[in-house]
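**Student:** Following this message is one structure expressed as structure tokens.
Each reported figure results from applying straightforward, stated rules to the coordinates on display, with no laboratory input. Just so you know, these numbers come straight off a predicted model, no measurement behind them. Here Cβ is always computed from backbone atoms with ideal geometry, including for glycine, and neighbour counts include all displayed protein chains.
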Amino acid sequence: MADDDTTDPSYWLNWRFFLCALWIVIAVILASILIIKYEVFIKKKTNRKDDERHVDAIGIFYEGDTWRTSLKSIHPAWLLVYRLFAFGVMLALLITNLIIDGPDMLFFYTQWTFALVTFYFGLASSHSIYGCYQYWNGTDNDNINIDHERGTYMAPSEGLNSQSMPIDPPNLVLVHGRKTAGVWGYFFQIIFQICAGAVGLTDSVFWFIIYPFQTPAEYSLNFLDVTMHSVNAVLLLVDIVLNRLRFPFFRLAYFGLWTCAFVIFQWIVHACVSMWWPYSFLDLSSPYAPIWYLGVGLIHLPAFGIFALIVRGKQRLLSRFHEAHELALRKKMLNLSCVM
């Protein structure tokens, strides 16, 4: 229990709170600018090398990418089975935590993140069910035979989206012939990227900041603590390996807004009821509070960036795999032609 009365106006009307509030305002403004600039508008560029004009949408997302796998050789049903399994595991752990800890768990960012990842796998399962239905009934008109190692790669855009865009220019025409996702498709993509950043933040802060400074007398790990700060990351990483979702870096903005919403929620609750803070670095009575808020805010960059690098690495491996496969096929065809 905190010693300071958080309902006292003096707790809020001071330079510490105003500086922390300034960080939140700046984060919201920057996030809004990124979303408006890269999510809403289409960026056009001219490819002088081929003397062709290409239209490249920042953060573009295609309808079938919600349920297709990273490799054509992997049937979408496998991704569906995995997502259903992950959803079941996450939901069981979330319910168990709620039963053991009660409503108090809702005050922790970890549980917010865990609930969001659970929601993601539930939503992902519904998209996979719909996609498999289309696949099995042959009603999908979104170039289902286009291989991800080949057909979904396009020339990278300049700026924030460059690290997440595919990298095979000759297939650009095939890409632009595909149907873009609707509102629910983009919503799904945004939830996916918020989950990735939030999981990176919660797990890194817990294992590298909170846990190392806790003594055994104050805190001891239990099964739920370990699972809440590891299982979500493992399940999400496997999904990243299997799925075809992109990872444009500008959607860090949504991740930032997610954290800002949690902080504002905590402020409102503590302004109404004097109670303990779920994380000591949120306590505004400390003279170091502005530094803590700024530091945790900056951790968002590597927490989100590590997943962006993982997706980028996966795309590069797929590209090299496709190039090696194409080269092997050409050699085989050449040998056959020589024999004939």
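**Student:** Among C272, C132, C20, which comes first, second and so on when ranked by fewest other beta-carbon atoms within 10 Å?
**Tutor:** If I rank by nearby Cβ atoms, fewest first, I get C272, C132, C20.
**Student:** Mind running the shape call on segment 200-295? Use the C-alpha gyration tensor, a ≥ b ≥ c as the square roots of the eigenvalues: rounded below 1.5 for a/c, prolate if a/b tops b/c, oblate otherwise.
**Tutor:** Cα axes put segment 200-295 in the oblate bin.
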